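Take a look at the structure below.
The values are calculated or read from the model by the stated rules, or taken from the named source; none is laboratory data. Everything quoted here is computed from the prediction, not taken from an experiment. So basically every Cβ, Gly included, is an ideal-geometry build from the backbone, and we count neighbours across all protein chains shown. Just so you know, the surface numbers come from the protein's heavy atoms only, side chains and all, with ligands and any DNA or RNA stripped out. Shrake-Rupley method; radii C 1.70, N 1.55, O 1.52, S 1.80 Å.
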Amino acid sequence: MGKVARPRIVTKDALDTEGFPEHVQVALAEVAGVARDGLLALSVACGLAVVNEIMAADVTRICGPRGKHDPDRKAYRHGAEPRLVPLGGALVGVERPRMRSTGGREVPLPTYEVLTARDLLDEMALGRMLAGLSSRRYRAGEAPVGDVECKGTSRSAISRRFRRATEARLGEIFGRDLSEIDLLAMFIDGIAVGEHVVVVALGVDSAGTKHPLGLWEGTTENKAVCSALLGNLIERGLDASRPVLFVIDGGKGIRSAIRAVYGELAPVQRCRKHKERNIIDHLPQRERTFVARKLRVAWAKTDAEAAERELRALAKHLETKHPGAAASILEGLEETLTVTRLGLTPSLLRTFKSTNPVESMISIARDSHRNVKRWRDGRMALRWVAAGMLEAEHQFRRVNGSRDLPILARALECHREVIEERMKVA
């Protein structure tokens with residue numbers, strides 16, 4: 001078996017520049033030296049050289065060729081000054097040519113104005129910190145760029161960029177127009193962020209696409225908080241006159257807010273995962289597996305009335321020995337069977353029987369702020385959660401059973417008709 005050829009490292013001494021003009025020999029020698037630090041370092045060196053050439057060409061266009069008198073010129077060269085331009089996730093120094101008008105005023109350099117746009121720096125800081133790179137160790141994520149001195153990567157600079165970027169993300173969520181979303185269902189749950197709790201809402205449209213709808217600081221147990229969240233969604237175009245399936249964690253505040261805003265028009269599904277955990281917590285370890293199995297068997301039935309009978313029988317069985325578990329089964333029992341009454345297919349049931357879709361989004365948002373040690377205020381919590389929600393949106397796929405969503409749409413319309421008939425009779 002032959003030996004594998006090792007890559008040849010190009011050095012200034014090894015580079016044969018004989019036969020080239022002198023200025024080309026110098027440039028090639030510089031390129032060879034930079035190339036030892038990697039392709040990025042080579043690209044940076046070449047890029048800065050191009051930037052200088054472009055700015056020089058801009059000056060020539062405005063002031064005319066150097067050394068040639070032009071009686072009609074409107075500006076003249078006025079030296080240069082050190083300035084910083086964005087490069088990757090940092091700032092690097094360049095010599096910015098200066099120009100003065102014949103009247104003595106400073107003339108802007110169009111090329112430089114374009115190069116100094118720093119929006120990309122904020123986006124890169126946001127992406128890296130959401131990926132888990134802390135502001136303290138931000139420089140560790142930088143690739144080698146040769147002898148170029150990079151600035152603007154201090155902890156305070158990165159924090160300022162991240163704050164601007166997350167404020168933009170928060171504004172993006174609160175500025176979204178919801179009037180064009182054909183909403184069928186909404187998942188609502190809370191995420192603990194330090195000492196704060198943020199309630200988040202995730203919507204599913206008729207195509208099965210998930211949409212981060214909004215967020216509000218507070219808990220699902222607080223009616224005022226949940227009403228403010230729903231009110232904000234309606235202000236941004238959500239049609240409260242259309243029936244929507246709500247899937248919630250069981251918080252009394254969010255349930256009361258839905259009733260206040262939608263009345264009986266919106267069917268509510270209590271998350272079966274949350275309900276199961278609440279019931280199991282009231283039981284000794286030896287009985288938990290048996291009761292959990294009985295709950296799942298009952299919820300798996302396609303006949304809602306038969307499922308309700310089994311759940312009530314289980315509650316009666318536990319009433320004497322474990323009254324807390326029995327009461328937990330009976331509390332909100334009917335709402336754990338809402339999706340069964342709507343006649344959803346098994347694939348749709350997997351999606352809408354629990355708050356798993358919004359919890360998946362929450363888990364991604366939680367991962368994004370795992371390095372935060374101190375939460376200054378509720379605004380900071382909202383910024384981080386908003387950025388995490390939009391980061392999660394990039395990973396969204398259609399919900400399970402998206403092809404069967406017309407069944408849910410028809411079930412909601414039937415629900416509306418039933419409610420309207422009931423109101424007419426009343």
With respect to the cross-link table entries Lys321/Lys353; Lys273/Lys301; Lys223/Lys316; Lys223/Lys273; Lys223/Lys353, which display a Cα-Cα separation exceeding 27 Å?
Lys321/Lys353; Lys223/Lys316
Can you sort Ile407, Ile329 by 1.4 Å-probe accessible area, starting with the largest?
Ile407, Ile329
Considering only protein heavy atoms, what is the solvent-accessible area of Trp375 at a probe of 1.4 Å, reported in Å² to the nearest 10?
50 Å²
Which of the three applies to segment 265-328, rounded, prolate or oblate, going by the alpha-carbon gyration tensor with a ≥ b ≥ c and a/c under 1.5 meaning rounded?
prolate
Of all DSSP beta bridges in segment 145-304, antiparallel share, percent nearest 5:
70 percent
Please enumerate, by chain and number, the lysines with C-alpha under 27 Å from the C-alpha of Lys373, excluding those fewer than 8 residues away in the same chain.
Lys151
Return the sequence-ordered ³J(HN,Hα) values of segment 54-64 in whole Hz as given by the Karplus equation 6.51 cos²θ - 1.76 cosθ + 1.60 applied to θ = phi - 60°, using x for Gly and Pro.
5, 5, 5, 5, 5, 5, 4, 4, 7, 9, x
Using Cα-Cα distances under 8 Å and only pairs 6 or more residues apart, what relative contact order does segment 278-426 have, in percent?
20 percent
Based on the Cβ-Cβ distance of Arg259 and Glu113, what FRET efficiency does E = 1/(1 + (r/R0)^6) give at R0 = 60 Å, to the nearest 0.05?
0.60
